Every structure is written in C-alpha cells, then in structure tokens.
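Presented below is the structure to which this report refers.
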Amino acid sequence: MTLRGGPVAVEVRLPTVLRTYAGGAPVVTLDGATVGEVLGKLVAEYPGMAGQVVQADGSLHKFVNIYLDDDDVRYLDGVDTPVPDGAEMSILPAVAGG
C-alpha cells in the first residue's frame with residue numbers, strides 16, 4: 001500500500017452494537033488522510049456514534065479498539081496515524097472480564 005497526499009477512501013467495519021447508528025450497515029466508506037479524520041467524518045455522518053467511538057476532545061474512547069488493517073492504532077500514532085490507500089479500518093469494542 002502507498003500513502004497519498006490527500007484523503008483516501010477507507011472501508012470502516014462496524015461492530016454490531018454500532019450498526020444501528022449507521023442504518024444497520026456493517027461497513028461504511030469514508031475518506032480521510034488520518035485515522036482521526038476518518039473518525040471525525042464517521043461521527044459527523046452518524047452522530048449517534050460520537051460518544052461511542054471518540055471522546056469530546058477527539059481522542060479514542062478507552063473502551064474501543066481501532067485497527068487499521070491488522071494494526072492497533074494505539075501502538076502506531078493513534079488518531080494521527082496516516083491512512084494508506086486501500087486500507088481497511090475496523091472498530092472493535094474492548095472486551096474485559098475475568
């Protein structure tokens with residue numbers, strides 16, 4: 001995959017609990033040069049996801065994991081992670097238990 005200078009189309013895979021905010025769609029296509037831009041457009045288009053995915057300051061919600069292809073963005077550059085052309089973003093609710 002190569003990086004482009006501007007926003008690229010990204011398929012964002014949604015977990016079942018968030019699909020209701022997107023009309024039941026399991027995948028939505030958005031664009032953005034960074035993970036933060038893509039998530040910003042996600043919550044702008046589907047406002048019900050705002051408190052579910054990102055916090056008011058734009059940071060990731062602590063109980064959500066965002067993967068860009070197979071990499072957890074928390075171990076990359078977080079919301080500043082560049083989005084390569086053809087990338088797939090997955091939103092997964094964090095699982096805890098004992």
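The values are calculated or read from the model by the stated rules, or taken from the named source; none is laboratory data. Computed from a predicted structure; not experimentally measured. Note that we place each Cβ from the backbone using ideal geometry, even for glycine, and neighbour counts take in every protein chain shown. Side chains are part of the model used for accessible areas, which takes the heavy atoms of the whole protein and leaves out ligands, DNA and RNA. Shrake-Rupley method; radii C 1.70, N 1.55, O 1.52, S 1.80 Å.
Brief remarks follow.
- Charge-dipole axis of the chain as Lys and Arg at +1 and Asp and Glu at -1 on Cβ define it, positive-most pick from Leu18, Gly86, Val64: Leu18
- Nearest-ten-degree value, helix 35-45 long axis tilted from longest Cα axis of the chain: 60 degrees
- When the surface is traced with a 1.4 Å probe over the full set of protein chains, Lys41 keeps roughly 80 Å² accessible.
- For the chain, built as a Gaussian network whose Cα springs stay under 10 Å, the top-fluctuating residue of Asp80, Asp71, Asp57: Asp57
- Between Val54 and His61, the built amide H atoms are under 5 Å apart, and every one of these is 5 or more places off in sequence or on another chain.
- Solvent exposure ordering (accessible area, 1.4 Å, most first) of Thr20, Thr34: Thr20, Thr34
- With every protein chain in place, the chain: carbon and sulfur % of accessible area (1.4 Å): 53 percent
- Working from label points 7 Å from Cα in the Cα-to-Cβ sense, the Thr20 to Asp57 distance is 3.0 nm.
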